[in-house]
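A.B. asks: Before anything else, here's the structure in question.
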Amino acid sequence: MTEILSSVSAMTPQWLEEALASAGHSPPPVSAVDVRPMDGFVGAMGEVVIVSVTYDGETDLPDEFVAKCPLDEQFARDNAMVMLSYQREAGFYGHLASDVAERAQIAIPRCYVNLFDPETHAATLLIERVHPASKGDILDGTTFERMRTLVGDLARMHGAYWMDRGLLEHGWLIDWNAPSLLLGIPRTQASWRSIREQYPQHHSDELVAMVDVFLADVPGWLGRFSQRPWTLIHQDYELDNVLFAEGEPVIVDWQSPMRSFPGMDLGWLLMASHNDETLAREAELLDHYRAALAAAGGPQWSADDLAEDLAWAAFFWVSVSHIPFMDTVKYGEQARPHRRFKAMFDGTIAAAGRWDAAERMRAHV
């Protein structure tokens, strides 16, 4: 079995040649590899780099890949225990990626090497480098037309997999009943206490009460999440995980797919990635989502049905988005990781207000 790398910086030509061959490819001899950081990317949970390859012979294999593996540090290990990120990504590329691309007509980078150890959660993945491409940026937002495309793509995936019992066959594809999620409760509660002490002005009294309700019974609420109508979701569907190649979106970072109610995806996209233009026309985006969802095999939702699902999503995201916000304060207000998570954090609060999340969730308490 090909060795799973503890750091992609340790990759050698011999390793790459063996890994490609073991994955079913037919590489010529590999004479050199060059591993370099990805411009503008700092992974909080894993190493993500560009690998340039020199082959001694003709091949159809790419001469560049994106390589990923978990970071060897405690915060990343703790997060992996809760979120099972590499288990989910390895499972997605091993079992669902090609099906999602075909059924939902979503562009997804090809995975060439997919190594994962379920006991240690060590992993190494070699994924297609989509190049040339422009990277989405939640700090800038995007045009209304591009956002409309992203919303429609999402609705097609949700509709194609609506209550699809075939997803239950994938043990790696978690739902809200996953025991590992409960491991994150102490950290979430501690972060909430810290932000209330340090930034008491950020949340209205209504939102404070809403989060307090969630944190008082996280297992119970997660159980109720799992009882809502579900589909396949990406769970981190936002502009920083989108590449635009020839103007068309390619969706990356499939570390969080799960079975869940769809507002988790749509809500997160609109919370985290809006700008003034898309926010002003959000009602059009919601109507487009409902129509595309039904056309792809999902339900005929009313505007109120979708508003209810978005309220449940806001209930969750407001209750947890303070964690990365607080974790990145140490980098300084001008550091991009903190500005990015602050934008997400502020976006969840604003969306909870315009979607009447606190009012709607009171009916379920």
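What follows is calculated from the coordinates using simple rules that are stated; it is not laboratory data. None of these values were measured; they are calculated from a predicted model. Every residue, glycine among them, receives a Cβ derived from its backbone with ideal geometry; neighbour counts consider all protein chains shown.
A.B. asks: Quick one: what are the phi-derived ³J(HN,Hα) couplings along region 167-174, Karplus 6.51/-1.76/1.60 with θ = phi - 60°, whole Hz, x for glycine and proline?
C.D. replies: The phi angles translate into 5, 5, 6, 9, x, 6, 8, 6 Hz.
A.B. asks: If you don't mind, another one. Nearest 0.05, what FRET efficiency do ALA307 and ASP137 give at R0 = 41 Å with Cβ-Cβ as r?
C.D. replies: 0.90
A.B. asks: How large is the helix-only mean residue ellipticity at 222 nm for the chain, computed as the sum of -39500 (n - 2.57) over DSSP H runs with n ≥ 4, divided by its residue count, in deg cm²/dmol to the nearest 500?
C.D. replies: -14000 deg cm²/dmol
A.B. asks: How would region 1-67 be classified by its alpha-carbon gyration tensor: rounded, prolate or oblate, with rounded meaning a/c under 1.5 and the a/b versus b/c comparison settling the rest?
C.D. replies: prolate
A.B. asks: Which net charge results for the neighbourhood of ARG148, defined as the other residues with beta-carbon distances under 12 angstrom from its beta-carbon, given Lys and Arg at +1 and Asp and Glu at -1?
C.D. replies: Within the 12 Å Cβ shell, the charges total -4.
A.B. asks: Please report VAL320, VAL35 as a ranked list, fewest other C-beta atoms within 10 angstrom at the top and most at the bottom.
C.D. replies: In increasing order of surrounding Cβ atoms, one gets VAL35, VAL320.
A.B. asks: Suppose every Lys and Arg Cβ carries +1 and every Asp and Glu Cβ carries -1, with no other charges. What dipole size does the chain come out with about its Cα centre, to the nearest 20 debye?
C.D. replies: The dipole magnitude comes to about 880 debye.
A.B. asks: Amide H to amide H, which residues 5 or more places from GLY46 or on other chains are under 5 Å from it, using H placed in the peptide plane?
C.D. replies: Placed amide hydrogens put LEU71 under 5 Å from GLY46.
A.B. asks: Return a whole-number percent for the relative contact order of region 8-128, with Cα pairs under 8 Å and 6 or more residues apart as the contact set.
C.D. replies: Averaging sequence separation for qualifying contacts and normalising by length gives 22 percent for region 8-128.
A.B. asks: Quick one: if the Förster radius is 22 Å, what FRET efficiency do ASP175 and MET81 give, using the C-beta to C-beta distance and rounding to 0.05?
C.D. replies: Calculated value: 0.80.
A.B. asks: Just to check I understand the Karplus step: with θ = phi - 60° and J = 6.51 cos²θ - 1.76 cosθ + 1.60, what whole-Hz values come out for region 80-87, glycine and proline as x?
C.D. replies: Values per residue, Gly and Pro as x: 5, 5, 7, 8, 6, 4, 6, 4 Hz.
A.B. asks: Sticking with this one: Tally Lys/Arg at +1 and Asp/Glu at -1 over every other residue whose Cβ is under 9 Å from the Cβ of LEU232; what's the total?
C.D. replies: 0
A.B. asks: Okay, next question. Using a basic spin-label model with each label point 7 Å from the Cα along Cα→Cβ, how many nm lie between THR120 and ALA245?
C.D. replies: So the two model labels end up 3.2 nm from each other.
A.B. asks: For TRP230, list long-range residues whose amide hydrogen, built 1.01 Å from N in the peptide plane, is under 5 Å from its own amide hydrogen.
C.D. replies: So TRP230 has HN proximity to MET163.
A.B. asks: How much length is gained if the chain between SER9 and SER26 is pulled fully straight, taking 0.36 nm per residue apart and subtracting their Cα-Cα distance, in nm to one decimal?
C.D. replies: This chain segment gains 3.8 nm when fully extended.
A.B. asks: Next up: If Lys and Arg each add +1 and Asp and Glu each add -1, what is the summed charge of the other residues whose beta carbon sits under 13 Å from the beta carbon of VAL320?
C.D. replies: On the way: positive: ARG187; negative: ASP236, ASP327.
For residues surrounding VAL320, the net value is -1.
A.B. asks: Further question on the same structure: Taking neighbour counts of Cβ atoms within 10 Å as a proxy for exposure, in what order, fewest first, do HIS170, HIS95 appear?
C.D. replies: Ordered by Cβ neighbours within 10 Å, fewest first: HIS95, HIS170.
A.B. asks: What is region 109-180's relative contact order, in percent, from Cα pairs under 8 angstrom and six or more apart in sequence?
C.D. replies: Here the relative contact order equals 18 percent.
A.B. asks: Taking the Cα atoms only, what angle lies between the long axis of helix 303-320 and the longest principal axis of the chain, rounded to 10 degrees?
C.D. replies: Compared with the principal axis, the helix lies near 70 degrees.
A.B. asks: Using each residue's phi in region 22-36, evaluate 6.51 cos²θ - 1.76 cosθ + 1.60 at θ = phi - 60° and report the 3J(HN,Hα) Karplus result to the nearest Hz, with x for Gly and Pro.
C.D. replies: Coupling constants for region 22-36: 5, 7, x, 8, 10, x, x, x, 9, 9, 7, 10, 10, 9, 9 Hz.
A.B. asks: Counting other beta carbons within 10 Å of each residue's own, what order do MET344, MET210 fall into, fewest first?
C.D. replies: Details: MET344 21, MET210 25.
Neighbour counts put them in this order, fewest first: MET344, MET210.
A.B. asks: Once you sort the root eigenvalues of the Cα gyration tensor of region 8-128 as a ≥ b ≥ c, which label holds: rounded (a/c under 1.5), prolate (a/b larger than b/c) or oblate (the other case)?
C.D. replies: On the way: a/c = 1.74, a/b = 1.25, b/c = 1.39.
Cα axes put region 8-128 in the oblate bin.
A.B. asks: Using alpha carbons only, how many degrees (0 to 90, rounded to 10) separate the axis of helix 282-295 from the longest principal axis of the chain?
C.D. replies: 70
A.B. asks: Using the Cα gyration tensor of the chain, with a ≥ b ≥ c the square roots of its eigenvalues, what is the shape: rounded (a/c below 1.5), prolate (a/b larger than b/c) or oblate (neither)?
C.D. replies: On the way: a/c = 1.72, a/b = 1.50, b/c = 1.15.
Because a/c hits 1.5 or more and a/b exceeds b/c, the chain counts as prolate.
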